[in-house]
Amino acid sequence: MVLQRHLLTICTLLVFAASVGGLSYSLDESVPQPLPVWLLIDAALTVLLLGVAHGLRRLWQRASFDTSALSDAQWIAVLSLLTLLPRVAWVLVAQTKPESDFADYQSLAQGLCRHHQFGVDAPSAFRPVGWPFVLGLIDCAGLDTQIWGGLCNALAQAATVPAIFLWTRDVAGGRAALLASLMFAFWPAQILGCSLLATEPLFTLLLVWSLYLASQLPTSPRPLRLAFLTGLTVAAGAYVRATLLPLPLVIGAVALLGARRIRPTLLHNGLVFVTAIVCLVPWGIRNQHVLGKFSLTTTNEGVTLILGNADNADGRYIGAEKRPFVPPATGEMAEDAAARRVAYAWIAAHPARFVQLIPRKWLALWGPDFSQPGWSMQSPRWQFAREAAMGLSEAYLLIMLALAALVVRRIPPQRLTDPASAALMLWFAVHVLFHGQDRFHAPLVPVLCMVAAAGLAGQRTTERV
(Lines give C-alpha, C1' and ligand atoms only; values in the text may rest on other atoms or scores of the structure.)
Protein backbone atom coordinates (compact mmCIF):
# COMPACT_ATOMS: atom_id res chain seq x y z
CA MET A 1 0.00 0.00 0.00
CA VAL A 2 2.89 2.38 0.78
CA LEU A 3 4.42 1.74 -2.65
CA GLN A 4 1.05 2.28 -4.36
CA ARG A 5 0.80 5.71 -2.75
CA HIS A 6 4.10 6.85 -4.20
CA LEU A 7 4.11 5.23 -7.64
CA LEU A 8 2.72 8.24 -9.47
CA THR A 9 5.13 10.60 -7.74
CA ILE A 10 8.13 8.39 -8.53
CA CYS A 11 7.13 8.00 -12.18
CA THR A 12 6.47 11.72 -12.66
CA LEU A 13 9.79 12.71 -11.10
CA LEU A 14 11.60 10.19 -13.31
CA VAL A 15 9.89 11.63 -16.38
CA PHE A 16 10.96 15.16 -15.45
CA ALA A 17 14.55 14.11 -14.71
CA ALA A 18 14.78 12.15 -17.97
CA SER A 19 13.33 15.04 -19.96
CA VAL A 20 15.84 17.55 -18.56
CA GLY A 21 18.71 15.11 -19.03
CA GLY A 22 17.39 14.16 -22.45
CA LEU A 23 17.76 17.73 -23.68
CA SER A 24 21.49 17.87 -23.03
CA TYR A 25 21.91 14.26 -24.16
CA SER A 26 20.30 15.09 -27.50
CA LEU A 27 22.33 18.27 -27.97
CA ASP A 28 25.49 16.34 -27.10
CA GLU A 29 25.17 14.67 -30.51
CA SER A 30 26.04 17.92 -32.29
CA VAL A 31 27.61 20.04 -29.51
CA PRO A 32 29.91 17.67 -27.60
CA GLN A 33 30.88 18.83 -24.12
CA PRO A 34 32.50 17.11 -21.13
CA LEU A 35 30.08 15.36 -18.76
CA PRO A 36 30.60 17.89 -15.88
CA VAL A 37 29.49 20.70 -18.21
CA TRP A 38 26.24 18.90 -19.03
CA LEU A 39 25.64 18.14 -15.34
CA LEU A 40 25.94 21.85 -14.54
CA ILE A 41 23.61 22.71 -17.43
CA ASP A 42 21.06 20.15 -16.23
CA ALA A 43 21.26 21.40 -12.64
CA ALA A 44 20.79 25.03 -13.69
CA LEU A 45 17.94 24.11 -16.03
CA THR A 46 16.22 22.10 -13.30
CA VAL A 47 16.35 25.03 -10.86
CA LEU A 48 15.07 27.42 -13.52
CA LEU A 49 12.21 25.16 -14.56
CA LEU A 50 11.09 24.48 -11.01
CA GLY A 51 11.18 28.20 -10.35
CA VAL A 52 8.96 28.88 -13.36
CA ALA A 53 6.63 26.07 -12.30
CA HIS A 54 6.42 27.52 -8.79
CA GLY A 55 5.48 30.89 -10.26
CA LEU A 56 2.76 29.30 -12.38
CA ARG A 57 1.46 27.51 -9.31
CA ARG A 58 1.21 30.78 -7.39
CA LEU A 59 -0.65 32.41 -10.28
CA TRP A 60 -3.06 29.48 -10.40
CA GLN A 61 -3.74 29.71 -6.68
CA ARG A 62 -4.52 33.41 -6.95
CA ALA A 63 -6.76 33.05 -10.00
CA SER A 64 -10.46 32.79 -9.36
CA PHE A 65 -13.13 31.85 -11.85
CA ASP A 66 -16.39 29.97 -11.66
CA THR A 67 -16.48 26.78 -13.72
CA SER A 68 -20.18 26.34 -12.92
CA ALA A 69 -21.03 28.90 -15.62
CA LEU A 70 -21.23 25.95 -18.02
CA SER A 71 -22.19 22.32 -17.51
CA ASP A 72 -19.61 19.58 -17.93
CA ALA A 73 -21.03 18.72 -21.36
CA GLN A 74 -20.80 22.36 -22.44
CA TRP A 75 -17.23 22.67 -21.19
CA ILE A 76 -16.30 19.50 -23.07
CA ALA A 77 -17.83 20.87 -26.28
CA VAL A 78 -16.00 24.21 -25.94
CA LEU A 79 -12.67 22.59 -25.05
CA SER A 80 -12.95 20.05 -27.87
CA LEU A 81 -13.59 22.89 -30.32
CA LEU A 82 -10.59 24.83 -28.96
CA THR A 83 -8.50 21.71 -29.51
CA LEU A 84 -9.83 21.09 -33.00
CA LEU A 85 -9.57 24.55 -34.59
CA PRO A 86 -5.79 25.21 -34.40
CA ARG A 87 -5.07 21.67 -35.54
CA VAL A 88 -7.38 21.90 -38.54
CA ALA A 89 -5.89 25.28 -39.45
CA TRP A 90 -2.35 23.88 -39.28
CA VAL A 91 -3.20 20.82 -41.38
CA LEU A 92 -4.67 23.05 -44.11
CA VAL A 93 -1.65 25.35 -44.33
CA ALA A 94 1.24 23.05 -43.38
CA GLN A 95 2.03 21.57 -46.83
CA THR A 96 3.63 18.61 -45.06
CA LYS A 97 4.82 15.84 -47.36
CA PRO A 98 4.86 12.22 -46.13
CA GLU A 99 8.39 10.91 -45.53
CA SER A 100 9.96 7.95 -43.73
CA ASP A 101 7.40 5.77 -41.94
CA PHE A 102 4.67 8.34 -42.73
CA ALA A 103 5.16 7.58 -46.41
CA ASP A 104 5.05 3.85 -45.59
CA TYR A 105 1.64 4.26 -43.94
CA GLN A 106 0.36 6.09 -47.02
CA SER A 107 1.66 3.35 -49.34
CA LEU A 108 0.13 0.63 -47.15
CA ALA A 109 -3.20 2.47 -47.19
CA GLN A 110 -3.16 2.66 -50.98
CA GLY A 111 -2.35 -1.04 -51.18
CA LEU A 112 -5.28 -1.88 -48.90
CA CYS A 113 -7.70 0.18 -50.94
CA ARG A 114 -6.51 -0.52 -54.46
CA HIS A 115 -5.08 -4.05 -54.24
CA HIS A 116 -6.83 -5.40 -51.11
CA GLN A 117 -3.47 -6.36 -49.65
CA PHE A 118 -1.69 -5.15 -46.54
CA GLY A 119 1.86 -4.83 -47.76
CA VAL A 120 3.47 -2.82 -50.54
CA ASP A 121 5.07 -5.53 -52.68
CA ALA A 122 3.94 -8.59 -50.73
CA PRO A 123 1.72 -9.35 -47.71
CA SER A 124 3.26 -7.89 -44.57
CA ALA A 125 2.70 -7.38 -40.86
CA PHE A 126 5.79 -5.26 -40.27
CA ARG A 127 3.76 -2.09 -39.64
CA PRO A 128 0.61 -2.08 -37.48
CA VAL A 129 -2.55 -2.21 -39.55
CA GLY A 130 -4.81 0.21 -37.62
CA TRP A 131 -3.68 3.57 -38.99
CA PRO A 132 -3.16 2.39 -42.61
CA PHE A 133 -6.71 0.98 -42.45
CA VAL A 134 -8.09 4.44 -41.59
CA LEU A 135 -6.01 6.03 -44.35
CA GLY A 136 -7.19 3.28 -46.71
CA LEU A 137 -10.81 4.27 -46.10
CA ILE A 138 -9.86 7.86 -46.98
CA ASP A 139 -8.14 6.69 -50.16
CA CYS A 140 -11.12 4.56 -51.17
CA ALA A 141 -13.35 7.61 -50.75
CA GLY A 142 -11.23 9.38 -53.37
CA LEU A 143 -9.90 11.93 -50.89
CA ASP A 144 -6.34 13.21 -50.46
CA THR A 145 -4.79 11.03 -47.75
CA GLN A 146 -2.34 13.69 -46.61
CA ILE A 147 -4.94 16.40 -45.95
CA TRP A 148 -7.76 14.16 -44.77
CA GLY A 149 -5.42 12.02 -42.73
CA GLY A 150 -4.32 15.19 -40.97
CA LEU A 151 -7.95 16.18 -40.41
CA CYS A 152 -8.58 12.73 -38.91
CA ASN A 153 -5.66 13.38 -36.58
CA ALA A 154 -7.21 16.69 -35.55
CA LEU A 155 -10.54 15.00 -34.88
CA ALA A 156 -8.82 12.25 -32.87
CA GLN A 157 -7.12 14.83 -30.66
CA ALA A 158 -10.40 16.71 -30.15
CA ALA A 159 -12.06 13.40 -29.23
CA THR A 160 -9.33 12.80 -26.64
CA VAL A 161 -10.37 15.91 -24.70
CA PRO A 162 -13.57 14.43 -23.18
CA ALA A 163 -11.55 11.58 -21.65
CA ILE A 164 -8.98 14.03 -20.25
CA PHE A 165 -11.71 16.26 -18.83
CA LEU A 166 -13.78 13.47 -17.26
CA TRP A 167 -10.77 11.66 -15.80
CA THR A 168 -9.24 14.80 -14.31
CA ARG A 169 -12.63 15.93 -12.98
CA ASP A 170 -13.02 12.65 -11.13
CA VAL A 171 -9.51 12.95 -9.69
CA ALA A 172 -9.49 16.63 -8.67
CA GLY A 173 -12.66 18.47 -9.71
CA GLY A 174 -13.92 20.67 -12.52
CA ARG A 175 -11.34 23.43 -12.25
CA ALA A 176 -8.50 20.95 -12.68
CA ALA A 177 -10.36 19.27 -15.56
CA LEU A 178 -10.58 22.60 -17.37
CA LEU A 179 -6.87 23.28 -16.87
CA ALA A 180 -5.75 19.80 -18.01
CA SER A 181 -7.84 20.08 -21.16
CA LEU A 182 -6.41 23.53 -21.95
CA MET A 183 -2.84 22.28 -21.41
CA PHE A 184 -3.46 19.56 -23.98
CA ALA A 185 -5.37 21.81 -26.38
CA PHE A 186 -2.46 24.24 -26.76
CA TRP A 187 0.48 21.78 -26.53
CA PRO A 188 2.59 22.94 -29.53
CA ALA A 189 4.01 19.58 -30.60
CA GLN A 190 0.57 17.98 -30.44
CA ILE A 191 -0.84 20.68 -32.74
CA LEU A 192 2.02 20.52 -35.25
CA GLY A 193 2.11 16.74 -35.25
CA CYS A 194 -1.40 16.56 -36.70
CA SER A 195 -0.13 17.24 -40.21
CA LEU A 196 1.99 14.08 -40.11
CA LEU A 197 0.58 10.74 -41.23
CA ALA A 198 1.71 9.34 -37.89
CA THR A 199 0.07 6.89 -35.50
CA GLU A 200 0.33 9.17 -32.45
CA PRO A 201 -3.03 11.03 -32.51
CA LEU A 202 -5.17 7.92 -33.07
CA PHE A 203 -3.11 5.91 -30.59
CA THR A 204 -3.37 8.72 -28.01
CA LEU A 205 -7.14 8.76 -28.37
CA LEU A 206 -7.43 5.02 -27.74
CA LEU A 207 -4.85 5.01 -24.95
CA VAL A 208 -6.46 7.83 -22.95
CA TRP A 209 -9.97 6.44 -23.28
CA SER A 210 -8.62 3.04 -22.15
CA LEU A 211 -7.04 4.69 -19.11
CA TYR A 212 -10.19 6.65 -18.27
CA LEU A 213 -12.42 3.58 -18.54
CA ALA A 214 -9.95 1.58 -16.44
CA SER A 215 -10.05 4.29 -13.77
CA GLN A 216 -13.81 3.75 -13.46
CA LEU A 217 -13.60 -0.04 -13.06
CA PRO A 218 -13.18 -0.22 -9.25
CA THR A 219 -16.38 1.76 -8.59
CA SER A 220 -18.52 0.88 -11.60
CA PRO A 221 -22.01 -0.54 -10.89
CA ARG A 222 -21.59 -2.70 -14.00
CA PRO A 223 -17.89 -3.64 -13.94
CA LEU A 224 -18.09 -6.62 -16.32
CA ARG A 225 -19.70 -4.54 -19.06
CA LEU A 226 -17.17 -1.76 -18.51
CA ALA A 227 -14.28 -4.25 -18.52
CA PHE A 228 -15.50 -5.60 -21.86
CA LEU A 229 -15.70 -2.06 -23.29
CA THR A 230 -12.23 -1.28 -21.97
CA GLY A 231 -10.92 -4.43 -23.62
CA LEU A 232 -12.32 -3.25 -26.94
CA THR A 233 -10.50 0.10 -26.68
CA VAL A 234 -7.28 -1.65 -25.69
CA ALA A 235 -7.60 -3.99 -28.68
CA ALA A 236 -8.24 -1.08 -31.03
CA GLY A 237 -5.16 0.64 -29.62
CA ALA A 238 -3.08 -2.51 -30.07
CA TYR A 239 -4.05 -2.56 -33.74
CA VAL A 240 -2.49 0.90 -33.96
CA ARG A 241 0.53 0.14 -31.75
CA ALA A 242 1.31 -3.14 -30.04
CA THR A 243 2.59 -1.27 -26.96
CA LEU A 244 -0.93 -1.02 -25.57
CA LEU A 245 -1.57 -4.76 -25.30
CA PRO A 246 0.18 -5.34 -21.91
CA LEU A 247 -1.51 -2.29 -20.35
CA PRO A 248 -4.36 -4.21 -18.63
CA LEU A 249 -1.82 -6.46 -16.91
CA VAL A 250 0.15 -3.48 -15.60
CA ILE A 251 -3.02 -1.68 -14.47
CA GLY A 252 -4.12 -4.84 -12.67
CA ALA A 253 -0.75 -5.17 -10.94
CA VAL A 254 -0.86 -1.55 -9.74
CA ALA A 255 -4.48 -1.93 -8.62
CA LEU A 256 -3.61 -5.01 -6.58
CA LEU A 257 -1.11 -3.01 -4.52
CA GLY A 258 -3.98 -1.04 -2.97
CA ALA A 259 -6.95 -3.32 -3.58
CA ARG A 260 -9.17 -4.31 -0.69
CA ARG A 261 -10.89 -6.95 -2.81
CA ILE A 262 -8.35 -8.94 -4.78
CA ARG A 263 -10.71 -11.31 -6.61
CA PRO A 264 -12.81 -8.59 -8.35
CA THR A 265 -9.63 -6.75 -9.29
CA LEU A 266 -8.18 -9.86 -10.93
CA LEU A 267 -11.47 -10.71 -12.61
CA HIS A 268 -12.11 -7.27 -14.11
CA ASN A 269 -8.60 -6.60 -15.38
CA GLY A 270 -8.32 -10.19 -16.59
CA LEU A 271 -11.50 -9.71 -18.61
CA VAL A 272 -10.04 -6.54 -20.16
CA PHE A 273 -6.94 -8.43 -21.26
CA VAL A 274 -8.80 -11.50 -22.54
CA THR A 275 -11.21 -9.31 -24.52
CA ALA A 276 -8.28 -7.51 -26.14
CA ILE A 277 -6.59 -10.81 -27.03
CA VAL A 278 -9.77 -12.24 -28.55
CA CYS A 279 -10.19 -9.11 -30.70
CA LEU A 280 -6.63 -9.54 -32.03
CA VAL A 281 -7.08 -13.21 -32.98
CA PRO A 282 -8.44 -12.42 -36.49
CA TRP A 283 -5.21 -10.57 -37.26
CA GLY A 284 -3.23 -13.52 -35.93
CA ILE A 285 -5.17 -15.88 -38.20
CA ARG A 286 -4.50 -13.57 -41.15
CA ASN A 287 -0.78 -13.64 -40.40
CA GLN A 288 -0.85 -17.43 -40.13
CA HIS A 289 -2.58 -17.63 -43.50
CA VAL A 290 -0.43 -15.19 -45.52
CA LEU A 291 2.88 -15.19 -43.62
CA GLY A 292 2.99 -18.73 -42.30
CA LYS A 293 3.06 -17.94 -38.58
CA PHE A 294 0.49 -16.86 -36.02
CA SER A 295 1.19 -13.38 -34.64
CA LEU A 296 -1.26 -11.11 -32.83
CA THR A 297 0.60 -7.90 -33.61
CA THR A 298 3.53 -6.87 -35.80
CA THR A 299 6.69 -8.53 -37.10
CA ASN A 300 9.10 -5.69 -36.30
CA GLU A 301 10.08 -6.70 -32.77
CA GLY A 302 13.46 -8.13 -33.73
CA VAL A 303 14.41 -5.26 -36.04
CA THR A 304 13.48 -2.76 -33.34
CA LEU A 305 15.35 -4.68 -30.65
CA ILE A 306 18.68 -4.49 -32.51
CA LEU A 307 18.36 -0.68 -32.70
CA GLY A 308 18.65 -0.48 -28.93
CA ASN A 309 20.86 -3.47 -28.19
CA ALA A 310 24.04 -3.57 -30.27
CA ASP A 311 27.68 -2.50 -30.13
CA ASN A 312 26.87 0.88 -31.70
CA ALA A 313 23.62 1.45 -29.80
CA ASP A 314 23.40 4.65 -27.75
CA GLY A 315 19.75 4.56 -26.66
CA ARG A 316 18.51 6.46 -29.72
CA TYR A 317 17.56 5.44 -33.22
CA ILE A 318 20.63 4.32 -35.17
CA GLY A 319 21.07 4.24 -38.93
CA ALA A 320 21.51 1.11 -41.02
CA GLU A 321 25.29 1.56 -41.12
CA LYS A 322 25.50 1.14 -37.33
CA ARG A 323 23.26 -1.89 -36.99
CA PRO A 324 24.68 -5.37 -36.39
CA PHE A 325 24.76 -8.01 -39.09
CA VAL A 326 21.65 -10.19 -39.13
CA PRO A 327 21.91 -13.53 -40.98
CA PRO A 328 19.66 -13.54 -44.05
CA ALA A 329 16.38 -15.41 -43.72
CA THR A 330 13.49 -16.17 -46.04
CA GLY A 331 10.23 -14.47 -45.22
CA GLU A 332 9.25 -11.61 -42.94
CA MET A 333 8.61 -13.80 -39.92
CA ALA A 334 11.97 -15.53 -40.28
CA GLU A 335 13.75 -12.19 -40.71
CA ASP A 336 12.17 -10.89 -37.52
CA ALA A 337 13.11 -14.05 -35.62
CA ALA A 338 16.71 -13.79 -36.86
CA ALA A 339 17.00 -10.17 -35.73
CA ARG A 340 15.47 -11.08 -32.38
CA ARG A 341 18.06 -13.83 -31.85
CA VAL A 342 20.89 -11.41 -32.64
CA ALA A 343 19.55 -8.85 -30.16
CA TYR A 344 19.01 -11.33 -27.32
CA ALA A 345 22.40 -12.94 -27.95
CA TRP A 346 24.02 -9.51 -27.66
CA ILE A 347 22.19 -8.81 -24.38
CA ALA A 348 23.29 -12.17 -22.97
CA ALA A 349 26.89 -11.49 -24.00
CA HIS A 350 26.96 -7.88 -22.78
CA PRO A 351 24.78 -7.63 -19.62
CA ALA A 352 26.69 -4.68 -18.16
CA ARG A 353 26.50 -2.70 -21.40
CA PHE A 354 22.77 -3.53 -21.65
CA VAL A 355 22.16 -2.11 -18.17
CA GLN A 356 24.19 1.02 -19.01
CA LEU A 357 22.02 1.63 -22.07
CA ILE A 358 18.74 1.63 -20.13
CA PRO A 359 19.01 5.22 -18.79
CA ARG A 360 20.15 6.36 -22.24
CA LYS A 361 17.01 4.86 -23.76
CA TRP A 362 14.93 6.73 -21.18
CA LEU A 363 16.74 10.00 -21.93
CA ALA A 364 15.95 9.53 -25.61
CA LEU A 365 12.34 8.58 -24.83
CA TRP A 366 11.60 11.69 -22.77
CA GLY A 367 14.00 13.96 -24.62
CA PRO A 368 13.27 17.12 -26.62
CA ASP A 369 9.90 17.55 -28.34
CA PHE A 370 11.67 18.10 -31.66
CA SER A 371 10.36 15.36 -33.97
CA GLN A 372 6.81 16.53 -34.54
CA PRO A 373 7.58 20.18 -35.34
CA GLY A 374 10.73 19.14 -37.19
CA TRP A 375 9.03 16.64 -39.52
CA SER A 376 5.85 18.67 -39.98
CA MET A 377 7.64 21.90 -41.00
CA GLN A 378 9.80 20.55 -43.81
CA SER A 379 8.02 22.71 -46.40
CA PRO A 380 10.03 25.72 -47.65
CA ARG A 381 7.11 27.86 -46.51
CA TRP A 382 7.91 27.06 -42.85
CA GLN A 383 11.70 26.62 -42.84
CA PHE A 384 12.18 30.08 -41.33
CA ALA A 385 10.09 29.15 -38.28
CA ARG A 386 11.08 25.51 -37.90
CA GLU A 387 13.78 25.86 -35.27
CA ALA A 388 11.73 28.40 -33.32
CA ALA A 389 8.80 25.98 -33.29
CA MET A 390 11.06 23.18 -32.06
CA GLY A 391 12.34 25.42 -29.27
CA LEU A 392 8.82 26.48 -28.30
CA SER A 393 7.68 22.86 -28.22
CA GLU A 394 10.56 21.87 -25.99
CA ALA A 395 10.06 24.83 -23.63
CA TYR A 396 6.37 23.96 -23.26
CA LEU A 397 7.20 20.31 -22.56
CA LEU A 398 9.81 21.13 -19.91
CA ILE A 399 7.61 23.67 -18.13
CA MET A 400 4.62 21.31 -18.05
CA LEU A 401 6.78 18.45 -16.75
CA ALA A 402 8.36 20.71 -14.12
CA LEU A 403 4.89 21.74 -13.02
CA ALA A 404 3.81 18.10 -12.80
CA ALA A 405 6.92 17.19 -10.81
CA LEU A 406 6.37 20.11 -8.43
CA VAL A 407 2.73 19.39 -7.63
CA VAL A 408 2.29 15.61 -8.07
CA ARG A 409 2.77 14.96 -4.35
CA ARG A 410 -0.41 16.96 -3.69
CA ILE A 411 -2.58 14.40 -5.48
CA PRO A 412 -4.17 12.19 -2.82
CA PRO A 413 -3.48 8.45 -3.34
CA GLN A 414 -6.56 7.02 -5.02
CA ARG A 415 -7.45 4.28 -7.45
CA LEU A 416 -8.48 6.85 -10.04
CA THR A 417 -4.79 7.57 -10.63
CA ASP A 418 -3.68 3.92 -10.82
CA PRO A 419 -3.98 3.80 -14.64
CA ALA A 420 -1.74 6.88 -14.92
CA SER A 421 0.95 5.16 -12.85
CA ALA A 422 0.53 2.00 -14.90
CA ALA A 423 0.90 3.82 -18.23
CA LEU A 424 4.08 5.62 -17.15
CA MET A 425 5.53 2.40 -15.74
CA LEU A 426 4.72 0.53 -18.95
CA TRP A 427 6.53 3.08 -21.10
CA PHE A 428 9.61 2.91 -18.87
CA ALA A 429 9.49 -0.90 -18.94
CA VAL A 430 9.11 -1.12 -22.73
CA HIS A 431 12.15 1.10 -23.18
CA VAL A 432 14.33 -1.06 -21.03
CA LEU A 433 14.55 -3.18 -24.19
CA PHE A 434 13.75 -0.80 -27.02
CA HIS A 435 15.44 2.44 -28.08
CA GLY A 436 13.81 5.80 -27.37
CA GLN A 437 12.52 8.64 -29.53
CA ASP A 438 10.63 11.71 -28.40
CA ARG A 439 7.66 10.77 -30.61
CA PHE A 440 7.20 7.72 -28.42
CA HIS A 441 6.26 9.82 -25.37
CA ALA A 442 3.66 11.88 -27.26
CA PRO A 443 0.71 9.57 -26.36
CA LEU A 444 1.38 10.14 -22.65
CA VAL A 445 1.01 13.93 -22.87
CA PRO A 446 -2.66 13.79 -21.71
CA VAL A 447 -1.61 11.75 -18.66
CA LEU A 448 0.99 14.38 -17.76
CA CYS A 449 -1.59 17.15 -18.26
CA MET A 450 -3.92 15.35 -15.85
CA VAL A 451 -1.15 14.95 -13.27
CA ALA A 452 -0.11 18.61 -13.45
CA ALA A 453 -3.67 19.94 -13.24
CA ALA A 454 -4.78 17.54 -10.52
CA GLY A 455 -1.69 18.33 -8.48
CA LEU A 456 -2.42 22.05 -8.70
CA ALA A 457 -5.96 21.44 -7.46
CA GLY A 458 -4.79 19.03 -4.80
CA GLN A 459 -8.28 18.18 -3.60
CA ARG A 460 -9.43 14.76 -2.47
CA THR A 461 -12.36 13.07 -4.12
CA THR A 462 -14.71 10.67 -2.37
CA GLU A 463 -14.33 7.21 -3.83
CA ARG A 464 -16.76 4.37 -3.73
CA VAL A 465 -15.12 1.09 -2.78
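The values are calculated or read from the model by the stated rules, or taken from the named source; none is laboratory data. Since this is a predicted model, take the numbers as computed values, not measurements. Positions of Cβ are generated from backbone atoms using ideal geometry, with glycine treated the same way; all protein chains shown enter the neighbour counts. When the accessible area is computed, the model is the full protein with side chains, heavy atoms only, and any ligands, DNA or RNA have been set aside. Shrake-Rupley method; radii C 1.70, N 1.55, O 1.52, S 1.80 Å.
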Among the residues of segment 382-397, is any under 14 Å from the mean Cα position of the chain (by Cα), of a type in the set (Lys, Arg) and either modelled with pLDDT of 95 or more or not in a loop (DSSP other than H, G, I, E, B) (or both)?
no
Could you please find all residues in segment 254-267 being open to solvent by 30 Å² or more (accessible area, probe 1.4 Å) and part of a helix (DSSP H, G or I)?
256, 257, 262, 263, 264, 266, 267
The lone exception for residue 132 - which of (1) more than 19 Å from residue 75 (Cα to Cα); (2) surrounded by fewer than 23 Cβ atoms within 10 Å (Cβ to Cβ) it fails:
(2)
Does residue 124 satisfy being part of a loop (DSSP other than H, G, I, E, B), surrounded by fewer than 15 Cβ atoms within 10 Å (Cβ to Cβ) and either small (Gly, Ala, Ser) or on the phi > 0 side of the Ramachandran plot (or both)?
no
What do you reckon, is residue 368 more than 28 Å from residue 58 (Cα to Cα) and open to solvent by less than 50 Å² (accessible area, probe 1.4 Å)?
no
Scan segment 87-101 and report the pairs whose first residue is under 12 Å from residue 196 (Cβ atoms) and whose second residue is outside any helix (DSSP H, G or I) and open to solvent by less than 40 Å² (accessible area, probe 1.4 Å), with Cβ atoms within less than 6 Å and a gap of 6+ or a chain change.
98/197
Residue 139 fails exactly one of (1) in a loop (DSSP other than H, G, I, E, B); (2) closer than 30 Å to residue 382 by Cα, namely (1)
Run residue 400 past the list (1) open to solvent by 20 Å² or more (accessible area, probe 1.4 Å); (2) at pLDDT 95 or above; (3) under 27 Å from residue 210 (Cα atoms); (4) among the aliphatic types (A, V, I, L, M) and report the number of the one that doesn't hold.
(2)
Mind checking which residues of segment 143-169 are free of Cβ contacts under 8 Å to residues at least 24 places away in the same chain and either crowded, with 24+ Cβ neighbours inside 10 Å or of a type in the set (D, E, K, R) (or both)?
144
Out of (1) crowded, with 16+ Cβ neighbours inside 10 Å; (2) modelled with pLDDT under 85; (3) among the hydrophobic types (A, V, I, L, M, F, W, C), what's the single condition that is false for residue 37?
(1)
Can you tell me which residues in segment 193-204 are open to solvent by less than 10 Å² (accessible area, probe 1.4 Å), assigned to a helix (DSSP H, G or I) and not charged (D, E, K, R)?
193, 194, 195, 201, 203, 204
Those residues that are in a loop (DSSP other than H, G, I, E, B) and polar (S, T, N, Q), I need them from segment 108-121; list them, please.
117
Please enumerate the residues belonging to segment 55-78 that are open to solvent by 80 Å² or more (accessible area, probe 1.4 Å) and over 28 Å from residue 160 (Cα atoms).
58, 62
Quickly run through segment 170-192 and pick out the residues that are open to solvent by 20 Å² or more (accessible area, probe 1.4 Å) and within 9 Å of residue 450 (Cα to Cα).
179
Of all residues being in contact with a Phe, Trp or Tyr (Cβ under 7 Å, 6 or more places away or on another chain) and either part of a helix (DSSP H, G or I) or in contact (Cβ under 8 Å) with a residue 40 or more places away in the chain (or both) in segment 306-326, which is surrounded by the most Cβ atoms within 10 Å (Cβ to Cβ)? Just the residue, please.
308
Looking at segment 1-27, I want the residues that are open to solvent by 80 Å² or more (accessible area, probe 1.4 Å) and have a partner that is assigned to a helix (DSSP H, G or I) and at pLDDT below 85 with Cβ atoms under 8 Å, at least 6 apart or on another chain. Which pairs are those?
1/257; 1/258; 3/257; 5/258
